[in-house]
Each structure stands twice: as C-alpha cells, then as structure tokens.
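The values are calculated or read from the model by the stated rules, or taken from the named source; none is laboratory data. Because the structure is predicted, anything quoted here is derived from the model rather than measured. Positions of Cβ are generated from backbone atoms using ideal geometry, with glycine treated the same way; all protein chains shown enter the neighbour counts. Each accessible area value is taken on the protein alone, full model and side chains, heavy atoms only, with ligands, DNA and RNA left out. Shrake-Rupley method; radii C 1.70, N 1.55, O 1.52, S 1.80 Å.
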Amino acid sequence: MLLLDIEDEEQEDATTAVERRKALMRPVFTRMLRYSGAEAWETAVSVDAFRQLLSSTEPEDAAGYARWCEAKEADGDAAVNIEDWLIGVFKVSGRLDDAAFAALASRWRSSLRERRRRSLLQQAFAKMDMDLSGDVCPREFSSLAGSQGASEHEMLQMMFALLDEAGGDADGKLTLDEWEEGMLLRCDGLSDD
C-alpha cells in the first residue's frame, strides 16, 4: 500500500508541475493571439506568429522550435490552437527546470509586449509625420494636441525637446528610432492592459 501511495504522490506532483507550466504559457499564447490581430472569436494563431518569438529563445531551443514550425506547416497546419502549441512547447523545452521554463515564458511575454508597443509607436509616428519626410518636427508633434489649449501644446513641446535630447542629437526633429526608444524607455513600467 505504501508503494502505491508514493506512486500516486509522484504522479500528482508531475501533474501539478505540468499544470504550473501550462499556466505560465497560457498568457503567452493569449498575447500572441491578441497581438496578431486575430478576431475575438479566433482561438488559433499562425505558426508564423509563434516563429516571431524565436529571437528571444535560447539558440539550442530555437532550432527545435524552427523544426516544430516546419513540421506543422508540412502537415498543412498554418495555425495552431493552444493545446497543440503547448504540446510543441513541452516537446522542445520540457527538459528545462522550472526556473528556466518560467524565465522562457517571461522572455516571451516581454518580447511580445515590446513588439506590440513598437508597432503602436510606429503607427503613431506615421500619423505625426504628415509630410512623409521620415522625421517629425515640433509642429507635426504638436498636432497630437489637436484643438486643445495652450497648456497641452506647451506640454508637448517639452516632451518633444526631452525625446529629441534623449536621442542624442537635439537637432529639432525626431526620427522613428528616437521616438521609439524614448517612448519605450519612458513607458517601460506601464501595463499594456
């Protein structure tokens, strides 16, 4: 009877560990789904959306994930649901200890958050760059305030100067790189939710 109790406890511990790992990865999948532009009713992401995460994966695992993506596509699966995706993650990274697995999930969440923020910042920059010159002057930047009062325009002028100086050249215009890096730095602690 004691042997059966030990086996039951070991099986329970293994089940708990798998559930804990699934809980770490579900938010990653949810972000991939949300940030890929999927409709609210969709429950699968493209294999390509997952492939984009590989830049923040350890090199030895990146090759395994690349092979997994290629196999999914060869099978005609251009999209995967969360259960298929979790199986792939466990096949490639299941050997990691709990701390390394948690670190992987954290890197992927961070990578997705930064990619999403960069995309939004690029869209905002494109709207500000009214003359399509590739950089934004103070007048274009102030257009963000629209028909707001003088205090909003003054605040935007100060923000422009701060971003321009932080970019290193203080040349009176913002490049996309200055805009992205400055905003990412200043918004690092903010939530995306």
**Item:** In region 79-94, residue most open to solvent (accessible area, probe 1.4 Å) [restricted to those that are of a type outside the set (S, T, N, Q) and not in a helix (DSSP H, G or I)]
**Value:** 79
**Item:** Residue in region 79-99 that is under 30 Å from residue 20 (Cα atoms) and of a type in the set (S, T, N, Q) present
**Value:** yes
**Message:** Restricting to region 90-140, name every residue that is touching an Asp or Glu at 6+ places or on another chain (Cβ under 6 Å) and of a type in the set (Gly, Ala, Ser).
**Reply:** 93
**Fill in**
Taking region 95-105 and keeping residues without any contact (Cβ under 8 Å) to a residue 60 or more places away in the chain and open to solvent by less than 50 Å² (accessible area, probe 1.4 Å) leaves 96, 100, 103, 104
**Request:** Any residue in region 37-54 that's open to solvent by 30 Å² or more (accessible area, probe 1.4 Å): show its pairings with residues that are of a type in the set (S, T, N, Q) and not in a loop (DSSP other than H, G, I, E, B) at Cβ separation under 6 Å, as long as the two are six or more apart or on different chains.
**Result:** 43/81; 44/81
